[in-house]
Amino acid sequence: MSSHPYEVLTPDAVLDALASVGLHGDGRLLALSSYENRVYQVHLEDPHESLTAVVAKFYRPGRWSTAQILEEHAFAAELIAAEVPAVGPLRLHGKTLHEFAGFEFSVSPRRGGRAPELDDAQVLEWIGRFLARLHMTGKTRPFASRPALDLQTFGMEPRNWLLEQQKIPLDVQSAWQKECDEALRMIAGTALGGLPGSGIAMIRLHGDCHPGNILWVPDEGPHFVDLDDARTGPAVQDFWMLLSGDRAQRQRQLGPLVDGYEMLREFNRDELALIEPLRTLRLIHYSAWLARRWSDPIFPINFPWFGSSDYWQGQVQMLQEQIEAMAEPPLVV
């Protein structure tokens with residue numbers, strides 16, 4: 001018996017899955033960078049709608065319900081209809097989601113591109129304009145099945161799970177719990193903690209808008225890919241992962257992003273106070289994500305440092321730094 005479902009997803013199984021929806025690979029198969037799902041670029045024997053290659057995505061069993069995956073697909077379709085440059089799944093035989101050998105999968109067109117130059121103000125402004133268009137579509141209706149990005153789902157639940165499952169070494173556990181609890185206490189006083197009357201709108205988002213999920217195409221601009229983490233949350237969630245470096249560098253990057261955004265949609269400055277709380281929640285959630293995925297053979301190979309006392313000591317220090325960052329005044333534009 002296989003120890004993990006993905007062990008049976010062999011190259012032949014991938015090609016057979018594509019053949020089941022009428023796409024026949026020519027044998028050239030490239031595994032793309034993805035830990036949560038399994039994603040492959042497949043060259044076709046015969047072009048499909050002028051496509052010579054497609055990207056097949058096999059969803060991790062048990063992560064999302066069928067309804068939640070279909071909401072992702074519907075959101076992508078809305079964005080494409082609104083001429084937002086997002087990459088969504090192809091409709092094959094009247095469906096975007098298919099099943100083969102126990103896996104749900106989708107097939108998307110292959111899109112080329114490179115990482116955006118985030119030190120270029122014009123690039124950031126362009127991304128800001130397209131983020132505004134994405135959010136204009138996102139605000140038109142809520143998700144019915146996909147969860148929200150908030151204190152409970154990204155903070156309290158992963159914290160409690162890590163402690164209940166005894167994933168933190170005993171020599172570090174009390175220190176980590178102390179800092180984690182203080183960080184979560186601070187976040188509870190923000191809109192992410194459900195603070196009433198905050199005035200911050202929660203809309204449908206990309207959810208994981210880091211530079212790796214933006215393909216930059218010369219003369220065309222950014223293309224958003226991988227809506228797998230699309231959730232409800234504040235608009236600034238799709239901003240902060242594009243900011244890097246020290247405070248001065250992040251300040252310089254934020255300005256053009258917001259300038260481009262406000263060409264099409266007003267940005268609520270109150271959301272800037274959520275950047276460090278959102279970063280803190282991602283830090284906590286990331287540790288729980290790694291621990292939950294440890295039975296997947298790809299995780300011990302790619303994250304050999306995870307789980308040691310040194311790792312958790314590092315997390316304690318990072319939480320302390322985030323507590324200090326959350327106490328500082330937010331960035332301004």
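The values are calculated or read from the model by the stated rules, or taken from the named source; none is laboratory data. This structure is a prediction, so every number in the text was calculated from the model and none was measured. Here Cβ is always computed from backbone atoms with ideal geometry, including for glycine, and neighbour counts include all displayed protein chains.
Examine segment 83-96 for a residue that is farther than 23 Å from Arg38 by Cβ, more than 19 Å from the chain's Cα centre (by Cα) and among the charged types (D, E, K, R), and state whether such a residue exists.
Yes, the conditions are met somewhere in segment 83-96.
Of all residues in segment 213-253, count the ones that are more than 29 Å from Arg60 (Cα to Cα) and charged (D, E, K, R).
6
Please verify whether Glu36 is of a type in the set (Asp, Glu), surrounded by 15 or more Cβ atoms within 10 Å (Cβ to Cβ), in a loop (DSSP other than H, G, I, E, B) and not assigned by TED's automatic domain parsing to the domain that holds Asp229, treating the condition exactly as stated.
Spelling it out, Glu36 is indeed of a type in the set (Asp, Glu), surrounded by 15 or more Cβ atoms within 10 Å (Cβ to Cβ), in a loop (DSSP other than H, G, I, E, B) and not assigned by TED's automatic domain parsing to the domain that holds Asp229.
Could we say that His4 is without any contact (Cβ under 8 Å) to a residue 60 or more places away in the chain and not hydrophobic (A, V, I, L, M, F, W, C) here?
Values: without any contact (Cβ under 8 Å) to a residue 60 or more places away in the chain: no; not hydrophobic (A, V, I, L, M, F, W, C): yes.
No.
Does Glu99 meet the test of being closer than 27 Å to His4 by Cβ, over 19 Å from the mean Cα position of the chain (by Cα) and acidic (Asp, Glu)?
Spelling it out, Glu99 is indeed closer than 27 Å to His4 by Cβ, over 19 Å from the mean Cα position of the chain (by Cα) and acidic (Asp, Glu).
Which number in (1) modelled with pLDDT of 95 or more; (2) closer than 13 Å to Leu278 by Cα marks the one condition that Pro169 misses?
(2)
Looking only at residues in segment 292-314 that are in contact with a Ser or Thr (Cβ under 9 Å, 6 or more places away or on another chain) and outside any loop (DSSP other than H, G, I, E, B), which one is surrounded by the fewest Cβ atoms within 10 Å (Cβ to Cβ)?
Ranking the candidates gives Tyr311 first.
Could you check, for segment 96-115, whether at least one of its residues is among the β-branched types (Val, Ile, Thr), part of a strand (DSSP E or B) and closer than 26 Å to Pro218 by Cβ?
The answer is no, given that none of the residues of segment 96-115 is among the β-branched types (Val, Ile, Thr), part of a strand (DSSP E or B) and closer than 26 Å to Pro218 by Cβ.
For segment 39-62, name all the residues that are farther than 26 Å from Leu290 by Cβ, out of contact with any Leu (no Cβ under 9 Å at 6 or more places or on another chain) and not in a strand (DSSP E or B).
Ser50 - this is the single residue of segment 39-62 that is farther than 26 Å from Leu290 by Cβ, out of contact with any Leu (no Cβ under 9 Å at 6 or more places or on another chain) and not in a strand (DSSP E or B).
I need the full set of residues from segment 193-227 which are in contact with a strand residue (DSSP E or B) (Cβ under 8 Å, 6 or more places away or on another chain) and more than 17 Å from Arg133 (Cα to Cα), in order please.
Listed by number, the list holds a single entry, Val217.
Can you pull out every residue in segment 128-172 that is closer than 27 Å to Arg185 by Cα, under 18 Å from the mean Cα position of the chain (by Cα) and not in a helix (DSSP H, G or I)?
Arg146, Pro147, Ala148, Leu149, Asp150
Does Ser244 meet the test of being modelled with pLDDT under 95, in a loop (DSSP other than H, G, I, E, B), surrounded by fewer than 16 Cβ atoms within 10 Å (Cβ to Cβ) and under 19 Å from the mean Cα position of the chain (by Cα)?
When the stated conditions are applied, Ser244 passes them.
Residues of segment 118-166 being among the aliphatic types (A, V, I, L, M) and either modelled with pLDDT under 95 or under 24 Å from Val258 (Cβ atoms) (or both), which ones?
Within segment 118-166, Leu118, Ala121, Val123, Leu124, Ile127, Leu131, Ala132, Leu134, Met136, Ala148, Leu149 qualify.
Filter segment 61-88 down to the residues that are closer than 26 Å to Ala13 by Cβ, surrounded by fewer than 20 Cβ atoms within 10 Å (Cβ to Cβ) and among the charged types (D, E, K, R) and list them by number.
Arg63
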